[in-house]
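This report refers to the structure that appears directly beneath it.
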Amino acid sequence: MSNGEETFLLKAKKEIEQKIKSETQQLSKVKKENEELTRSKMGYDNFYESLNNFIIESVEDFHVTEDDLPQYFKENIGETYENYVQIRVDALNEIDALNNYIDHCKREISSNKRTLKFYRSQYLDSDFFDECLPLVVLYQDKIDTYNENIQLTEDIIKKLGEISDKLVGWN
């Protein structure tokens, strides 16, 4: 092996090592997003149950129908009414933000698939296969985590839609 080839190989290995380091950091960030989404999903599920119980109890306590409940609160307990109006607005805004996050994840998946394809070919076709294997694994893990984040986000959007629908008269 000539001196030029050795220098090239050393440079390429160093570049791959740096890429592994940066991709590991990015994967860590995506996994933290996954944990946050999981907690959010549980929180919204619990909130929906609490909201449903609140509505049932209020209907029973105030002897009104569920459809008349918003008007009852508006006339008699304005602060509570305003809080639920704001919850509905916040739910709709959060749905918009989460749809943007899904678009972001889809772009990242597309980008990571292209990069994965490149490093997989390098892994299979070159002298760098030992160095490239960790990148192949990292990119596949990122793609899988982004896909899981999309599913969690879609579940959250569905629950926020249910919350919004439950508060449709609160506007």
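The values are calculated or read from the model by the stated rules, or taken from the named source; none is laboratory data. Just so it is clear, the structure is predicted and the values come from calculations on it, not from any experiment. Counting neighbours? That spans all protein chains shown, and the Cβs are built from the backbone with ideal geometry, glycine included. Note: accessible area is taken over every heavy atom of the protein model, side chains too, but ligands, DNA and RNA are not part of it. Shrake-Rupley method; radii C 1.70, N 1.55, O 1.52, S 1.80 Å.
Does at least one position in region 58-70 carry a residue that is open to solvent by less than 90 Å² (accessible area, probe 1.4 Å), part of a helix (DSSP H, G or I) and touching a residue at least 60 places away in the same chain (Cβ under 8 Å)? Checked against the condition, which is being open to solvent by less than 90 Å² (accessible area, probe 1.4 Å), part of a helix (DSSP H, G or I) and touching a residue at least 60 places away in the same chain (Cβ under 8 Å), region 58-70 yields at least one hit.
Residue pairs whose Cβ atoms lie under 9 Å apart, sitting 6 or more positions apart in sequence or on different chains, and linking a residue in region 41-57 that is in a helix (DSSP H, G or I) to a partner that is open to solvent by 80 Å² or more (accessible area, probe 1.4 Å), are ILE55/GLU66; ILE56/GLU66. Per the conditions (1) at pLDDT 95 or above; (2) hydrophobic (A, V, I, L, M, F, W, C); (3) surrounded by 18 or more Cβ atoms within 10 Å (Cβ to Cβ), the sole criterion not satisfied by VAL136 is (1). If the condition is being surrounded by fewer than 11 Cβ atoms within 10 Å (Cβ to Cβ) and basic (Lys, Arg), then region 15-28 contributes only LYS21. Take the conditions (1) open to solvent by 80 Å² or more (accessible area, probe 1.4 Å); (2) of a type in the set (Asp, Glu); (3) in contact with a Phe, Trp or Tyr (Cβ under 9 Å, 6 or more places away or on another chain); GLU108 misses just one of them, which is (1).
The set of residues in region 29-44 that are within 15 Å of ILE163 (Cβ to Cβ) and open to solvent by 50 Å² or more (accessible area, probe 1.4 Å) comprises LYS41, MET42, TYR44. Across region 142-171, the qualifying residues are those that are among the polar types (S, T, N, Q) and buried (at least 16 other Cβ atoms within 10 Å of the Cβ), and the one among them that is nearest to ASN112 (Cα to Cα) is THR145.
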